[in-house]
Amino acid sequence: MSAIRTLLARPWIWSYIGALIVWLAAITFTGGYGAGGMITAALSLAVFMVIVGIGQMFVITLGPGNVDLSLPANIGLASAVAMKVMGGSNSMIAVGLIAALASGMAVGAFNYLLIRALRIPPIIATLSSSFIVLSIDIAYGRGLQIKPPPAFADFTNIQFFGVPILAIGGAIFAFLAGIALQRMIYGRSVLAIGQNMRAAWLAGIPVERIRFFTYTLSGALGGINGALLAGYFRGASVDIGNEYLLSSIAVVVIGGTSVAGGKANVPGIWGAALFLVLLLTMLNTFGVSAGVRLLLTGLIIVGVITAAGGQKALR
Amino acid sequence: MSSAASAETLSRSGFRSPAFARLLRALLPALSMTLILIAIAWLNPRAISYFGFSLMLNLAIPIALATIAQMFVITVNELDLSIGTFVGFVACVTATWLRDAPLLGIVVLLGSIGVYAALGALIHLRNLPSIVVTLGMSFVWQGLAILMLPKPGGKAPDWLQAFMSLKPPFVPFPIIAAIVIGLVVHFGLMRTSYGAVLRGTGGNAQAIRRAGWSILKTKVTMFALTGVFGVLSGMALVGITTSADANLGNGYTLLAIAGVILGGGEFVGGRVSPIGAVIGALTLALAASPLLTFMHIPPDWQVAANGAILIIVLAARALISRREGDR
């Protein structure tokens with residue numbers, strides 16, 4: 001009994017419960033048909049949210065006002081860079097991935113430069129830089145119709161017993177991120193900065209180095225995500241990352257990370273991503289119109305955060 | 001000897017003094033707008049005319065109203081990520097119900113302001129992060145807008161269209177409207193005693209509560225005001241575009257945040273400036289298309305130029321606040 005209570009006290013448990021309820025509602029509707037397929041599909045889409053969500057989580061944990069709004073543009077540019085460098089040939093896959101990673105890191109480092117050198121609030125800095133990155137992507141990726149190398153496209157779609165290989169990789173990555181957050185100096189520093197930046201500085205934490213690393217990390221994850229998305233959807237596009245602006249923030253906060261910073265949660269990100277993807281799947285199986293789907297998505301997000309809320313967080 | 005001493009006092013009270021830096025900071029939104037106006041005048045002198053301004057600032061009124069709406073929530077340390085889709089929703093209501101069944105339209109619009117007030121209460125009472133709640137609401141408003149107007153269409157009420165295309169003598173309508181909006185909000189928020197309480201909620205909620213004011217009430221008031229100005233923004237937008245589309249206001253969310261910050265507002269601490277916010281919105285409206293068109297920037301790079309302008313203006317502001325030395 002006490003075990004259940006400690007489990008329920010975990011902030012992330014609610015996102016998994018939510019995901020489970022939504023999944024049950026969907027398969028009840030279909031009469032059990034496609035229950036497994038639904039999970040496979042949810043896992044393969046959720047992993048993309050998890051990758052950027054973890055980057056966003058470290059950024060948000062840095063404290064109020066820290067958020068990376070440049071992710072969509074970053075993802076779009078990295079997807080184009082990856083496809084162009086790979087050029088459809090299997091031998092260039094690794095080079096393309098590194099190029100996408102570098103493009104993402106460059107965006108992240110540029111974000112930090114704006115925040116640090118020009119003292120622009122992170123929200124506006126990442127917003128302004130996303131405008132610039134978007135333009136670069138539009139100019140660079142114009143008319144780009146390069147398919148991903150066959151081996152890369154196949155790789156992003158491999159499944160073991162219904163579990164996509166990307167989801168396995170995403171789970172391992174989330175596990176490592178959890179260790180980095182709770183057990184490594186880097187993660188503890190991020191948490192300390194989020195709780196009180198000045199106290200962290202006085203305690204000798206290299207605040208600016210940690211912030212630089214965090215924004216670069218978020219950028220790098222956006223870059224990798226762009227390459228993987230281009231592989232999964234078999235092609236790059238300017239708006240391939242658009243939905244990750246809102247969903248990267250949503251999975252972080254629904255997953256139990258405090259928007260006020262200083263309190264983060266990695267397992268919750270997976271739960272929240274599965275919840276959001278399954279929610280859309282459920283509404284699609286119900287066959288509702290686009291308007292109703294948006295309406296219900298919004299109401300459920302508000303409902304979930306109201307039910308799970310009560311945390312000490314202003315924003 | 002005495003001349004050296006007086007020179008020192010002069011330098012302390014003169015250009016290097018914190019007071020001067022503060023003044024500069026307050027003037028910065030206006031300075032950045034002047035800079036952009038000079039650029040426009042240099043690139044295309046004919047734009048600086050009655051008709052030029054009427055055209056260039058055409059969309060500035062809804063942007064200014066949305067920026068003011070965003071400013072209210074920012075004053076109490078919250079953020080509204082749904083203002084853009086809310087403006088779109090209001091636009092759809094205005095172009096359909098408000099025209100065909102005015103009573104129903106008015107009830108729906110008032111109801112939506114009530115929803116905003118209720119959100120303020122919910123966010124305060126349950127201590128929820130406003131970013132997430134309004135993120136959810138952005139889906140709700142967009143969903144409702146799409147349900148109401150699946151395809152672009154509808155038509156603005158004639159009176160609204162007539163009002164938005166007013167041509168007063170000498171000064172173009174958008175400029176008059178901007179001045180009125182800025183002054184009215186400035187008076188209400190900066191010059192009245194309850195305005196100080198409202199700003200105090202963002203500055204030090206604890207102190208306001210100890211002084212006997214209800215934080216719940218101030219938050220609800222601010223969210224309701226956001227709703228009011230969101231409604232005005234949506235109506236003004238439809239009055240200009242004459243027909244509506246569910247995605248009409250989507251870009252306004254980030255534009256409004258940028259406008260508040262450009263205008264000298266800060267995300268926490270209740271430090272905002274209504275007049276600055278209006279000027280920030282006008283700057284964004286001017287920088288967005290007219291300037292870039294005159295500079296012959298290719299369409300691919302227009303968005304980048306927008307971002308660059310934002311960065312330059314904010315960098316200038318950072319330089320000044322560093323001198324002010326208050327951080």
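Between chains B and A, what is the buried accessible area summed over both chains (1.4 Å probe, protein heavy atoms, nearest 100 Å²)? The summed interface area works out to 4100 Å².
Which of the residues in region A:111-129 lose at least 30 Å² of accessible area when you go from the chain alone to all protein chains together (probe 1.4 Å)? Buried on complex formation: A:LEU118, A:ARG119, A:ILE120, A:PRO121, A:ILE123, A:ILE124, A:LEU127, A:SER128.
Inter-chain neighbour count for A:135-142: the average number of beta-carbon atoms from partner chains within 10 Å of each residue's beta-carbon is 4. Over all other residues within a Cβ to Cβ distance under 14 Å of B:VAL140, the charged ones net out to 0, with Lys and Arg as +1 and Asp and Glu as -1.
Contact with the other protein chains removes 40 Å² or more of accessible area, compared with the isolated chain and a 1.4 Å probe, from these residues of region B:263-284: B:PHE267. Helices from chain B with mean Kyte-Doolittle at least 1.0 and a Cα length along the axis of 20 Å or more, per DSSP H: which? Answer set is B:18-43, B:60-75, B:102-125, B:130-148, B:215-241, B:274-288. Under the simplified labelling scheme, the B:THR242-B:ASP100 pair shows an inter-label distance of 2.0 nm, with each label point 7 Å from Cα along Cα→Cβ. Stretched out straight at 0.36 nm per residue, the stretch from A:LEU299 to A:ASN196 would grow longer than its current Cα-Cα span by 33.7 nm. Multiplying the residue separation of A:ALA25 and A:ARG188 by 0.36 nm and subtracting their alpha-carbon distance yields 54.8 nm. Which FRET efficiency, nearest 0.05, do A:LEU280 and A:LEU144 yield, Cβ-Cβ r, R0 30 Å? Efficiency for this residue pair is about 0.60. Here region A:165-185 and region A:19-98 have alpha carbon centers that stand 15 Å from each other. Secondary-structure-derived ellipticity at 222 nm for chain B, considering helices only, amounts to -24000 deg cm²/dmol, per-run term -39500 (n - 2.57) for DSSP H runs with n ≥ 4.
Once you order the gyration tensor axes a ≥ b ≥ c over the Cα atoms, which shape class does chain B get: rounded for a/c under 1.5, otherwise prolate or oblate by comparing a/b with b/c? The shape class here is oblate. Taking the charge dipole of chain B about its Cα centre, with +1 at Lys and Arg Cβ atoms and -1 at Asp and Glu Cβ atoms, the residue from B:ILE215, B:PHE163, B:TRP301 reaching farthest to the positive side is B:ILE215. Take each peptide in A:79-89, B:117-127, count the other Cβ atoms within 10 Å of every residue, and average; sorted highest first, the result is A:79-89, B:117-127.
Counting only other chain Cβ atoms within 10 Å of each residue's Cβ, the peptide A:283-296 averages 4. Per residue of peptide A:199-206, the mean number of Cβ atoms on other chains within 10 Å of the residue Cβ is 0. For the residues B:LEU109, A:LEU144, a 1.4 Å probe over the protein chains yields an accessible-area ranking, largest first, of A:LEU144, B:LEU109. The residues of the protein assembly as shown expose, per residue, 42 Å² of accessible area to a 1.4 Å probe.
For B:THR226, neighbours were defined as the other residues whose beta-carbon sits under 10 Å from its Cβ, and their charges (Lys and Arg +1, Asp and Glu -1) total -2. Positive contributions from Lys and Arg (+1) and negative ones from Asp and Glu (-1), summed over other residues with Cβ under 15 Å from the Cβ of B:LYS155, come out at -1. Descending by average beta-carbon neighbour count within 10 Å, the peptides B:185-195, A:293-303 line up as A:293-303, B:185-195, the highest first. Taking a ≥ b ≥ c as the square roots of the eigenvalues of the Cα gyration tensor, an a/c ratio below 1.5 marks the protein assembly as shown as rounded. Let me know the shape class of region A:29-99, please: from the alpha-carbon gyration tensor, a ≥ b ≥ c as square roots of the eigenvalues, rounded when a/c is under 1.5, otherwise prolate if a/b is greater than b/c, or oblate. Oblate shape, in that a/c is at least 1.5 and b/c is the bigger or equal ratio. Measuring nothing but protein heavy atoms, the accessible surface of the protein assembly as shown at 1.4 Å probe radius is 71 percent carbon and sulfur. Of the complete DSSP H runs in chain A, those spanning 18 angstrom or more by Cα along the long axis with a mean Kyte-Doolittle score not below -1.0 are A:13-30, A:35-61, A:71-86, A:93-117, A:122-140, A:165-183, A:207-232, A:267-285, A:290-308.
Highest-first packing order for the peptide set B:205-214, A:217-226, B:138-147 is A:217-226, B:138-147, B:205-214, based on the mean count of other beta carbon atoms within 10 Å.
The values are calculated or read from the model by the stated rules, or taken from the named source; none is laboratory data. Computed from a predicted model, the values in this text were never measured in an experiment. Don't worry about glycine lacking a Cβ; one is built from the backbone with ideal geometry, like all the others, and counts go over all protein chains shown. All accessible areas refer to the heavy atoms of the entire protein, side chains included, with ligands and DNA or RNA removed. Shrake-Rupley method; radii C 1.70, N 1.55, O 1.52, S 1.80 Å.
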